[in-house]
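Working notes for the structure below.
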Amino acid sequence: MSLEQFKLAQKYADLQQQYLDRHTQVIDQGVTPLVQRHGKTLINFSSNDYLGLVSHQAITAATVDYLKQHGIGAGAAHLVTGHHTIHEQLEQRLAQITGYPKAMLFSTGYMANMGVIDALMGNLSDSKDGIIYQDRLNHASLLDGGRLSCAKLRRYPHLDINQLNAWLNQDSSAQKLIVTDQIFSMDGTEAPLHDLIKTAEQHQAALMIDDAHGFGLRTQPLPKVDIYMGTLGKAIGTFGAFVAGSELLINYLKSRARTFVYTTATPPLIAAATLAALDVIAKEPWRQLKLQQHIGRLRSALMGQGWQLLPSQSAIQPIIVGNAEDTLALSAKLLEQGILVSAIRPPTVPRGTSRLRITLSAAHTDEHISQLISALARVCHQLA
Ligand SMILES: *Cc1c(COP(=O)(O)O)cnc(C)c1O
C-alpha cells in the first residue's frame, strides 16, 4: 500500500506556503450569536443561522418529542422504507410555501444540486446534445453537478446576462439548462431573476435556481422557475435540502436522481425539527425584519469606514481584502477583540479576492452589531 504516488507532502507544503491550507476549528459550544472556542467567548459573524433558529426552544422541544416517540434513524433510503409520514408532511409544506405543485427532500443541498443536474443532463450520448450555462460564481455543488453530467459547460461572467444571451443565440443544442445561485454564497449578490426568466423563455431553455441563502428569509415569494432548490441548514437552522417544481419533474427526479435514490433518508426527527422551524418563522416575522435592520446598519457603517463592500442586500456582507495572508491577519485581529469572522480564500473565491465574509443573524442584538462596527474601525485604523 502506498499514498506516495499522490505526492501529498509536496502538494500540502505548497498549500501551506500560499496560506491556503485549511483546518477545522473546534467550537466548544454555541452557534449564534455567541460561541465558545478555546475557552473564549466570541460573537459569531460566520454562521448561516440567519434567523437565529439553531437553538430555538420550541424547535428543540418539538424535535425531542419526536425523538422520544420515534427514535433517530430513517432506517432506509426514501424509496425503500425510509420515507416516513413526517417526511411526506414536510414535502407538502415546502411545496405549499414555495408555491410549486410538488417538492422532494434531499439529504443535503450538495446532493440536491448534483442529483438534479445529473438526472436532467447525465444521459446524453454526445456532449453537444446538452449545454449547462452557469454563472461563474455558482456554488461548487452546481458546478460539480455539471461535471458529473456529460453536458457541455459554459460559465458566464458573474451576473452577465448579455454574455448568456449571446451564447444562447449561437448554440444549437437540443437541451439547454441555465443554473444560478439566487443569492451568491460568497458575495451576497442576487441573480437578476426577472431577466433570467425572460432569457430562458426566449431561448426555450430551462431555468434552475439555488436559493440556499434566500429560502426562509423572503417576505415576498420569488417568481416561478422550472426548478427551485432550497436548503434547510441555513436560515431554517436544521439540515437538508429540497427541490420544488412541477409534478412531472419531481416524479422523474424521485426515480432518476441518483443522490436521492442511493442514499439513506434524512433522520425523520430532522423533518420534525424543520416543520417546527417553519412554524416559528411564520409566527415570528420580527426575525426577518431584525435581520434587515442589521444589514442596513452594518452596510452604512462600513461604507463610512471606507471598506470595499459588494452590492449585497443580503445577510452575507463580505469585505474584500485581496490577498490571503492579509485576510487571515485581519480575521486574527478581530478574533483578539472577541469577533469571529472567517477569512475566505481561494479556491472558494477567485484569486486576489480573499475576503472577510461577515454574516448577520436576527439572533444578533444591536449591541453585537455595535461591537462588530467598532472592532472593524479599530483594525481599519491599525491598517492605515
Ligand atoms: C450551502 C450551499 C449549498 C449546499 O447545501 P448543503 O445543504 O449545505 O449541502 C448549495 N448551494 C449553495 C448556494 C450553498 O450556499
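Figures for the structure shown
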item: Highest-fluctuation residue, GLN202, GLN371, GLN292 considered, GNM on the chain with Cα pairs under 10 Å; result: GLN202
item: ARG37 long-range amide H proximity, modeled H, under 5 Å; result: ASP28, LEU42
item: Nitroxide proxy distance, nm - points 7 Å out along Cα→Cβ at ASP160 and HIS70; result: 4.8 nm
item: Set of lysines with alpha-carbon distance to LYS152 below 27 Å, sequence-local pairs under 8 removed; result: LYS128, LYS176, LYS198, LYS224, LYS254
item: Fluctuation leader among VAL31, VAL54, VAL80 - the chain, Gaussian network, Cα springs under 10 angstrom; result: VAL80
item: Reachable lysines from LYS40, criterion Cα separation under 28 angstrom, eight or more residues apart if same chain; result: LYS234, LYS290, LYS333
item: Rounded to 5, percent antiparallel among DSSP beta bridges of the range 57-283; result: 40 percent
item: Inverse mean reciprocal Cα-Cα distance (Kirkwood Rh) of the range 103-238, Å; result: 15.0 Å
item: Anisotropy class of the range 208-280 from Cα gyration tensor, a/c 1.5 cut; result: oblate
item: Gaussian network model of the chain, Cα within-10 Å springs - most flexible of GLY30, GLY115, GLY230; result: GLY30
item: The range 32-117 - convex hull of the alpha-carbon atoms, volume per residue in Å³; result: 177 Å³
item: Average Cα contact separation per residue, the chain, under 8 Å, 6 or more apart, as relative contact order %; result: 22 percent
item: 5 angstrom amide H check on LEU207, placed H, neighbours 5+ away; result: ILE178, ASP226, ILE227
item: Mean-position separation - Cα centroids, the range 270-284 and the range 296-364, in angstrom; result: 30 Å
item: The range 57-283 shape via C-alpha gyration tensor axes, a/c threshold 1.5; result: prolate
item: HN-Hα J in Hz across the range 141-154 - Karplus 6.51, -1.76, 1.60, θ = phi - 60°, x for Gly and Pro; result: 5, 6, 5, 5, x, x, 5, 5, 7, 8, 6, 6, 10, 10
item: For GLY240, distant residues with modelled amide H under 5 Å away; result: GLY109, LEU232, GLY233
item: Per-residue HN-Hα couplings for the range 367-380 [Karplus 6.51, -1.76, 1.60; θ = phi - 60°; Hz; x = Gly/Pro]; result: 5, 4, 5, 4, 5, 4, 4, 6, 4, 5, 4, 5, 5, 4
item: Residue order, fewest to most surrounding Cβ atoms within 10 angstrom, among LYS68, LYS102; result: LYS68, LYS102
item: Overall form of the range 254-384 per C-alpha gyration tensor (a/c, 1.5; a/b vs b/c); result: oblate
item: Residue-wise HN-Hα coupling along the range 35-40, computed from phi with Karplus coefficients 6.51, -1.76, 1.60 (Hz; x: Gly, Pro); result: 10, 10, 9, 6, x, 10
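None of the figures in this text is laboratory data; all of them are computed from the coordinates on show. It should be emphasised that the depicted structure is a prediction, and the values quoted were computed from it without experimental measurement. With ideal geometry, Cβ positions are generated from the backbone for all residues, glycine too; neighbour counts draw on all protein chains shown.
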